[in-house]
Amino acid sequence: MLTDEYRSKILRILEEEPEISQRELARELGISLGKANYCLQGLMEKGLVKANNFKNSNNKKAYMYLLTRKGIAEKARATTRFLKRKVAEYEALQREIELLRRESHKS
């Protein structure tokens, strides 16, 4: 299962660079080519991304990954969920730091 962080990143990258290869996507995300392929297949199965064939500049068959309307909406939702979780983590860390400061001042 894709985390909101990866879902958000993949959908953002595909929106910005629809002609990106799976190898380039994997490199950008810091994951294996197999994992990139698995993630793309999952996004296509959910109807978030559509792959269209085209010939690239080297006259090789390639794919253009296009976000569907559903994919655009999911990108926004995944990004929102991810950011909310990060804000909550930050706030929890801030509370923990404040608690540790108070405890150290008591000593």
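The figures follow:
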quantity	calculated
Under Karplus coefficients 6.51, -1.76 and 1.60, residue-wise ³J(HN,Hα) of the stretch 29-44 in Hz, glycine/proline x	8, x, 10, 6, 4, x, 5, 4, 4, 4, 5, 4, 4, x, 5, 5
Lysine pairs in the chain with Cα atoms under 17 Å, if 8 or more residues apart or on separate chains	15
Distance (nanometres) between label positions extended 7 Å along Cα→Cβ at LYS46 and ALA76	1.7
Cut-off under 5 Å, modelled amide H: who pairs with THR68 long-range	VAL49, LYS50
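Every read-out reported here was derived from the displayed coordinates using simple, explicitly stated rules and does not represent laboratory data. Just so you know, these numbers come straight off a predicted model, no measurement behind them. Neighbour counts run over all protein chains shown; Cβ positions are idealised from the backbone, glycine included.
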